[in-house]
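Heads up, the thing below is written out as structure tokens.
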Amino acid sequence: MRSIFLLLFLLTVADAQRSSEFRICAFNLHHYGDSKSRKSDVMLTLARIITRCDVCLLQEVRDSKGTAVPQLLQTIKRYDSTSSYQHVSSERLGRSESYQEQYVFIYRTETVTVTDLYQYPDDLKGDEDAFSREPFVVRFKAPRTVIKEFVLIPQHTTPSNTTKELDALYDVLQRVKKMWRTENVMLLGDFNADCGYLAKKNRKNVRLITDKNLYWLIPDDSDTTVKLSTSCSYDRIVVNGETFNSAVVPSSAQPFNFQQEYGLTEEQALDVSDHYPVEVLLKVVRSRSFAGGASRSSSVCVFGTLLFLLQVFM
């Protein structure tokens, strides 16, 4: 009986902590499709990772049969039955019919809603080959955050064309800002923005890097790869403008080392993905009555109740 109440208390504290933060994540799932969706241990780990986030961008989703994404949603809903999750997906993108991917956003409906969608066309300045996988742009409304609403522009660059695609993202950003009349834009995903794919000499040619109004939140020395033999900051989060940057919890942007967090071997972690997800916290609104701690107060109340019940049943 003691164990049951302790478990209830820990779950309550976890819920309280989650209610006091808002997390945006981006995760390259490394060839997620029918085969991976059949591995129960992998699916459980994916559910544990994704349910940490209020909004989670998934990349390298290769769901040609249309079954892998629904299976992931079912696993997530079984794992976290206390919340409601929805998703929006791009069309299948890619130059080759034999290799195409989708961008998928999974989000918690209690904290965020989708208000607009935009599949970016491949027509930048007459260049019909700017992207292998054109951005699938989504606008979200998130009343609990101080920013209230924001736009996410995802991108999984092609390693051989990283410099060109990152620079082209700048044009996407300008179009989206003008189209939706907003400055609250975040760009995120597997940019391949490190090691051999983005040479230091080429960075001066990438407007997404040189524009001082853009803030790269994942440091260059971060390792977003699972393999011990690599150390590269491929996956990034970039915010547009000081207003959005000031709405970010300082120092919260980082890779999430799920291998260490969940006690997995390197082999087990690589079954999930060869990338770590990257994440960032947005500041949330706290009411006056809250005084910075409504969640904490409710936890204390529940803790007192549990202590009382423990005394009764022990």
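Scan Asn213, Asn257, Asn202 and give me the residue that is farther than 21 Å from Phe150 by Cβ and either over 17 Å from the mean Cα position of the chain (by Cα) or at pLDDT below 95 (or both).
Of Asn213, Asn257, Asn202, the one residue that is farther than 21 Å from Phe150 by Cβ and either over 17 Å from the mean Cα position of the chain (by Cα) or at pLDDT below 95 (or both) is Asn202.
Taking the options Val137, Val146, name whichever one is among the hydrophobic types (A, V, I, L, M, F, W, C) and surrounded by fewer than 17 Cβ atoms within 10 Å (Cβ to Cβ).
After ruling out the rest, the residue left standing is Val146.
Anything in segment 71-90 that is assigned to a loop (DSSP other than H, G, I, E, B) and closer than 13 Å to Cys53 by Cβ? List them, or say none.
Asp80, Ser83 - these are the residues of segment 71-90 that are assigned to a loop (DSSP other than H, G, I, E, B) and closer than 13 Å to Cys53 by Cβ.
Mind checking which residues of segment 59-115 are over 22 Å from Tyr234 (Cβ atoms), among the aliphatic types (A, V, I, L, M) and touching a Lys or Arg at 6+ places or on another chain (Cβ under 9 Å)?
Scanning segment 59-115 gives Ala68, Val112, Val114.
Within segment 60-76, work out how many residues are at pLDDT below 95, crowded, with 17+ Cβ neighbours inside 10 Å and out of contact with any Gly (no Cβ under 6 Å at 6 or more places or on another chain).
So the answer is 0.
Quick test for you: out of Lys178, Lys204, Lys164, Lys227, pick the one residue that is within 25 Å of Glu91 (Cα to Cα) and exposed (fewer than 14 other Cβ atoms within 10 Å of the Cβ).
Criteria check complete, one pass: Lys178.
For every residue, the table says whether it meets (1) modelled with pLDDT under 95; (2) surrounded by 12 or more Cβ atoms within 10 Å (Cβ to Cβ); (3) of a type in the set (D, E, K, R); (4) farther than 19 Å from Glu279 by Cβ.
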| site | (1), (2), (3), (4) |
| --- | --- |
| Arg78 | no, no, yes, yes |
| Arg95 | yes, yes, yes, yes |
| Gln100 | yes, yes, no, yes |
| Val112 | no, yes, no, no |
| Leu117 | no, yes, no, yes |
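Have a look at Glu101, Glu110 and point out the one that is farther than 27 Å from His30 by Cα and not aliphatic (A, V, I, L, M). Spell out the reasoning first.
Details: Glu101 fails: farther than 27 Å from His30 by Cα.
Only one candidate passes the filter, namely Glu110.
Of the conditions (1) under 16 Å from Ile237 (Cα atoms); (2) out of contact with any Ser or Thr (no Cβ under 7 Å at 6 or more places or on another chain), Lys178 satisfies every one except a single condition; which number is it?
That leaves (1) as the condition not met.
Which residue pairs have Cβ atoms under 7 Å apart, sit 6 or more places apart or on different chains, and have a first residue in segment 133-151 that is in contact (Cβ under 8 Å) with a residue 40 or more places away in the chain and more than 16 Å from Glu110 (Cα to Cα) and a second that is in a loop (DSSP other than H, G, I, E, B) and aromatic (Phe, Trp, Tyr)?
Matching pairs, first to second residue: Glu134/Tyr120.
Sort out which residues of segment 230-254 are farther than 13 Å from Phe150 by Cα, in contact (Cβ under 8 Å) with a residue 40 or more places away in the chain and surrounded by fewer than 19 Cβ atoms within 10 Å (Cβ to Cβ), and write them in order of number.
Val249
The values are calculated or read from the model by the stated rules, or taken from the named source; none is laboratory data. This one's a predicted model, so the numbers in the text were calculated from it and none came from an experiment. Please note: Cβ atoms are built from the backbone with ideal geometry, for glycine as well, and neighbour counts cover all protein chains shown.
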